[in-house]
Amino acid sequence: MGRIQEYSMLNCAVNPQAARERVTRLNPVTMKKKVLIVGGGVAGCEAARVLAFRGHEPELYEKSSGLGGNLIAAGAPKFKEDELALVNWYAHQLKKLNVPVHLNREVTKDFILQSQSDAVIVATGSRPRMVSLGDDDNVYPAADVLTGKKETGETVIVIGGGLVGCETALALAQSGKKVTIVEALDKLLALNGPLCAANREMLEKLVPFNGIKVITNGHVATYQDGKAEVVAENKTRTIPCDSVVLAVGYYENNTLYEDLQFEVPEIYLIGDARKVSNIMYAIWDAFEVANHI
């Protein structure tokens, strides 16, 4: 409905073939290739699924204890349970397609060079951007807060009013925390790429409905002794808070690819490791690459 409203092409974030069945058809391969995939986020899982379905022999390695990558944190709030359902769906599909999945295995350059793989796909994802504010012991990335690795205390400032910042603030507010969002631009959700219209409209209403305070055109200059100095519209105010949560974006984790790109004849970089974006572009990117190997 959102795409019709915006006069854009009908499609699906998690099914690249929806409404594009002819141009995205999966063709069986005439010569099997052994493909090593590094990273078990949605991009790596989608690449493995498509390759196996077409007849290649993918093998996936993930350094953590489970598949999903950044979707584990994204699906932590109660209102984002579909994210975890997607991770579980991928795990089921890879099992059904007999794709070897190796967890708790961090892949090195030497391992890849010795693997005798016909092709390598690097889907190592992204990492959260961090900034120093002074008392960094109480400054946490949003992912650590969402997954329960860090406890925020009762009063929290969330820096960043994009999708991650708004959803983190909402999850904290719904758990009883007093939350303030500080956004550098003049409105929330200003820099996000294509976002489902229903999700955007609901978030814009749920933020004030849950008592979340919003400061736009501002930034946190320092955080010391439980007090944040917030500068907004050329005015500085002091806001007491137990912790600061950072939701200021991610950066590509592409070091492994850069180390290998001139030593492996057929190597691909996909998903957030290539360009930080959203679920849709990670899955579509992986689908296109895997469908043309």
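The values are calculated or read from the model by the stated rules, or taken from the named source; none is laboratory data. In this text, all values refer to a predicted model and were calculated from it rather than measured experimentally. All Cβ positions, even for glycine, are placed from backbone atoms using ideal geometry, and neighbour counts span all protein chains on display. These accessible areas exclude ligands, DNA and RNA; they are computed on the full protein's heavy atoms, side chains included. Shrake-Rupley method; radii C 1.70, N 1.55, O 1.52, S 1.80 Å.
Here the chain exposes an accessible surface that is 51 percent carbon and sulfur, computed with a 1.4 Å probe and the other protein chains kept in place. Computed about its Cα centre, the charge dipole of the chain is approximately 800 debye, with only Lys, Arg, Asp and Glu carrying charge at their Cβ.
Between Thr255 and Gln174, the distance separating the two model label sites (each 7 Å from Cα on the Cα→Cβ line) works out to 3.5 nm.
Where both bridge residues fall in the chain, DSSP classifies roughly 35% of the beta bridges as antiparallel. Taking Ile279, Ile270 and ordering them by how much accessible surface each has at a 1.4 Å probe, largest first, produces Ile279, Ile270. Heavy-atom accessible area for Phe79, with the other protein chains in place and a 1.4 Å probe, reaches approximately 80 Å².
Largest GNM mean-square fluctuation among Gly68, Gly39, Gly148, using the chain with Cα springs under 10 Å: Gly148. If we count every other residue with Cβ under 15 angstrom of Val276's Cβ, Lys/Arg +1 and Asp/Glu -1, where does the sum land? The answer is +1.
Cβ under 15 Å from Asp285's Cβ, Asp285 left aside: what net charge do those residues give with Lys, Arg +1 and Asp, Glu -1?
Details: positive: Arg20, Arg49, Arg274, Lys275; negative: Glu46, Glu252, Asp272, Glu288.
Net charge in that neighbourhood comes out at 0.
Given points 7 Å out from each Cα along the Cα-Cβ axis, report the Asp110 to Lys78 separation in nanometres with one decimal. Roughly 5.0 nm, to one decimal. When the chain is treated as a GNM with alpha-carbon contacts under 10 Å, the residue of Ala119, Ala197, Ala73 showing the greatest mean-square fluctuation is Ala197. With contacts taken as Cα pairs under 8 Å at a separation of at least 6 residues, the chain carries a relative contact order of 23 percent.
Counted residue by residue at 0.36 nm each, then reduced by the alpha carbon distance between them, the extension gain from Phe262 to Leu185 reaches 23.7 nm.
According to the Cα gyration tensor, what semi-axes, each the square root of 5 times an eigenvalue, does the equivalent ellipsoid of the chain have, listed from largest to smallest in whole Å? Spell out each step's value before the answer.
On the way: eigenvalues 287, 96, 51 Å².
Its equivalent ellipsoid spans semi-axes of 38, 22, 16 Å.
When Ser277, Ser126 are compared by accessible area at a 1.4 angstrom probe, the order from most to least is Ser277, Ser126. Legend: residues Ile157, Ile267, sorted from most to least accessible area (1.4 Å probe; ligands, DNA and RNA excluded), read Ile267, Ile157. Surface exposure of the chain, expressed per residue as accessible area with a 1.4 Å probe, stands at 54 Å².
So if I take the centroid of the Cα atoms in segment 35-91 and the same for segment 136-182, what is the distance between those two points in Å? Between the Cα centre of segment 35-91 and that of segment 136-182, the gap is 25 Å.
Taking 25 Å as the cut-off for C-alpha to C-alpha distance, list the pairs among Lys80/Lys109; Lys96/Lys149; Lys205/Lys227; Lys80/Lys150 that go past it.
On the way: Lys80/Lys109 35 Å; Lys96/Lys149 32 Å; Lys205/Lys227 28 Å; Lys80/Lys150 19 Å.
Over 25 Å apart, Cα to Cα: Lys80/Lys109; Lys96/Lys149; Lys205/Lys227.
A straight line joining the Cα centroids of segment 226-293 and segment 97-112 runs 22 Å.
Would you check the accessible area of Leu71, probe 1.4 Å, heavy atoms only, in square angstrom rounded to 10? For Leu71, solvent-accessible area is about 10 Å². By a 1.4 Å probe calculation restricted to protein chains, Tyr257 has an accessible surface near 50 Å², given to the nearest 10. Legend: calculated FRET efficiency, Val131 to Met31, from the Cβ-Cβ distance at R0 = 51 Å, rounded to 0.05, equals 0.55.
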